[in-house]
Amino acid sequence: MRVMQVDASPKRTHSSSKMLSAHFIQQLRQRITDIEIDYIDTSLNPPPHIDHAFIEALYTPAADRSLVMKQALSYSDNLCARALMADMLVCAMPMHNFSMPSGFKALIDHLVRSSLTYTVNADGTSTGNLSRQKVLFITTRGADLGPGSPWEKMDALRPALSSAFSFMGADDPVFVDVQPLDNHDVVSEKEVLDQAYQTLNAIAQRWVTGI
Ligand SMILES: Cc1cc2nc3c(=O)[nH]c(=O)nc-3n(C[C@H](O)[C@H](O)[C@H](O)COP(=O)(O)O)c2cc1C
């Protein structure tokens, strides 16, 4: 079992999203003996922002790419290969200004690749190639943007993640949106986190028994 675990909080300590993703991985480890974790921290090792050289290489047919062009795509090639090899993708991140941290957006920009994570069909439609992978998003938020809250419509994180990953074939990702975590009420924050840990335990159990 191969799991790609991505943490996108810039925090080095006391990151709630990192704690929750570590907990989920621990839950998997308890249930699966043969497990390999491919770990990425987009803050410690930031994916490069896509630039002119990347786009030029991207739009050059693979057979015609120069060495320089191949180098411009090498981070992306490697990332796509790792995601395609994985059985599970576990991505944890805080909400930053209603959307995802910029490091995770940069990662997505390298992951959405024609002929790798999606295929363009003869009729112009496309098929995503990450349909085999189980995908979990753990998102932590300071405020409550959940269903029924006045802030619900401001949640640009969940739709953005859904769109990008659905395009790559992951049509049914699991979301654990953990909120609110910054309301300065220690008791309610603990309740929110406890609930999230319980939910993650259940997902780990479901994923492992469903294998
Ligand atoms: C730069 C920045 C922007 C943030 N923007 C939002 C936001 O738009 N909505 C929200 O609910 N919380 C926002 N927060 C709060 C974090 O999402 C929240 O504290 C989260 O629990 C942090 O997770 P972490 O500890 O894993 O980094 C923001 C925090 C930072 C540092």
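Exposure proxy ranking for 139, 209, 199, based on other Cβ atoms within 10 angstrom of each Cβ and starting from the fewest, stands as 209, 199, 139.
Please check: in the Gaussian network model of the chain (C-alpha springs, under 10 Å), which one of 67, 136, 58 has the largest mean-square fluctuation. Highest fluctuation of the listed residues: 67. For residue 135, the residues whose amide H sits under 5 Å from its own are 89, 174, ignoring neighbours fewer than 5 places away on the same chain, with H placed 1.01 Å from N.
Pairs of lysine in region 2-209 with Cα under 24 Å and at least 8 positions apart or on different chains: total?
Numbers: 11/105; 11/190; 18/105; 18/134; 18/190; 70/105; 105/134; 105/153.
Taking region 2-209 as the scope, the lysine pair count is 8.
Express as a percent, rounded to the nearest 5, the fraction of DSSP beta bridges in region 2-209 (both residues included) that run antiparallel. Of the beta bridges lying entirely in region 2-209, close to 15 percent run antiparallel.
The orientation-averaged shadow of the Cα convex hull for region 2-209, equal to a quarter of the hull surface, comes to 13.4 nm². Relative to the longest principal axis of the Cα atoms of the chain, the long axis of helix 186-209 makes an angle of roughly 50 degrees. Relative to the longest principal axis of the Cα atoms of the chain, the long axis of helix 102-111 makes an angle of roughly 40 degrees.
Taken together, the values in this text are just the output of simple stated rules run on the coordinates, not laboratory data. What you see is a predicted model, and the numbers here were worked out from it, not measured in a lab. Cβ coordinates were reconstructed from backbone atoms using ideal geometry, including for glycine residues, and neighbour counts include every protein chain displayed.
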